[in-house]
1. Return the pair list, or none, for Cβ contacts closer than 6 Å from residues in the range 140-165 that are under 19 Å from LEU248 (Cβ atoms) to residues that are part of a helix (DSSP H, G or I) and open to solvent by 10 Å² or more (accessible area, probe 1.4 Å), at least 6 apart or on different chains.
2. For the range 4-18, name all the residues that are out of contact with any Gly (no Cβ under 7 Å at 6 or more places or on another chain) and either open to solvent by less than 20 Å² (accessible area, probe 1.4 Å) or among the polar types (S, T, N, Q) (or both).
3. Scan the range 44-68 for residues that are charged (D, E, K, R) and assigned to a helix (DSSP H, G or I) and jot them down.
4. Name the residues in the range 102-134 that are within 30 Å of LEU5 (Cβ to Cβ), open to solvent by 30 Å² or more (accessible area, probe 1.4 Å) and not hydrophobic (A, V, I, L, M, F, W, C), would you?
5. Considering only the range 25-73, how many residues are open to solvent by less than 30 Å² (accessible area, probe 1.4 Å), modelled with pLDDT under 95 and within 26 Å of PRO207 (Cβ to Cβ)?
6. Go through LEU156, LEU162, LEU147 for me and flag whichever is in a helix (DSSP H, G or I), within 20 Å of ALA107 (Cα to Cα) and of a type in the set (A, V, I, L, M).
7. Of a type outside the set (A, V, I, L, M), in contact with a Ser or Thr (Cβ under 7 Å, 6 or more places away or on another chain) and open to solvent by 30 Å² or more (accessible area, probe 1.4 Å): which single residue out of GLU218, GLU205 fits that description?
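The values are calculated or read from the model by the stated rules, or taken from the named source; none is laboratory data. None of these values were measured; they are calculated from a predicted model. When we count neighbours, we look across all protein chains shown, and the Cβ atoms used for this are built from the backbone with ideal geometry, even at glycine. The area values use the complete protein model at the heavy-atom level, side chains included, leaving out ligands, DNA and RNA. Shrake-Rupley method; radii C 1.70, N 1.55, O 1.52, S 1.80 Å.
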Amino acid sequence: MSTTLNLALIQTDLYWEDPISNRKMFEEKIEGISDDVDLIILPEMFTTGFTMKPEKILLPESKGTLDWMKKIAQESNTALIGSIVFQESGKFFNRLFFASPNGTVAAYDKKHTFTLAGEDEVYEAGREKLIFEYKGFKICPMICYDLRFPVWSRNLEDYDVLIYVANWPSKRINAWDTLLKARAIENMSYCIGVNRTGIDGLDYEYPGHSAVYDVLGEPLAFSRDQEVLYATLNKEHVSSTRKQLRFLEDRDNFSLIG
């Protein structure tokens, strides 16, 4: 079992509603990432930007991007995670995929669709949390607006790492910064946020602010505009801090309905 996990976070501008150009761009950036990286994290809807016109994305692009993630993971011997517009059975999802080098895939559909932008009218909301293990770390991935709902991310599973991929705009970036740190502290887990940069096709500006916080909410990495951020997570930091402080042992017990 590995005791460390090396991460690369890619925060960049995106080509609006253009999966082919975005895949090519990310492939070029991934080629320059350090060989010792275990997991590469991409933003929300990394092949299109935060589009509310998923019907403009051709059906083959859903499987095409997933196949691309699996190919890159295997060729680089590095896992990839990020969300895309995904079409299935005539419905659209904001679906996050984790693709590992051994070919296994895990998926999570965004639970909290962003009503302010009408995402709830276009995309199906997810109903199940995803927890998976990778290199000895138990990981819980979520998407953007999920960050505002602490009950959904509540650490009942003793996960080690909480990940948010996002298209979080400049006008509300203070909430992003504050809530990422809060999620780390309250769940006693590493908390990682990967946001895009640039201006999208609807003229919304995104300021980056991707970050990695440790179990106590201390920043391990943060940048407004650096395209690739690196951080190393340590399993011993999680276990020793929880053993010493034991805050999670005092969690309230309640059920989430709906």
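1. Correct list of pairs: SER153/ARG183; LEU162/ARG183.
2. THR4, LEU5, ASN6, LEU7, ALA8, LEU9, ILE10, THR12
3. In the first step, residues of the range 44-68 are kept if they are charged (D, E, K, R); the result is 44, 53, 55-56, 61, 63, 67.
GLU55, LYS56, GLU61, LYS63, ASP67, listed by residue number.
4. Passing the criteria: ASN102, THR104, ASP109, LYS111, HIS112, ARG127, GLU128, LYS129, GLU133.
5. Final tally of qualifying residues: 1.
6. LEU147 is the lone residue from the list that is in a helix (DSSP H, G or I), within 20 Å of ALA107 (Cα to Cα) and of a type in the set (A, V, I, L, M).
7. Result of the check over GLU218, GLU205: GLU205.
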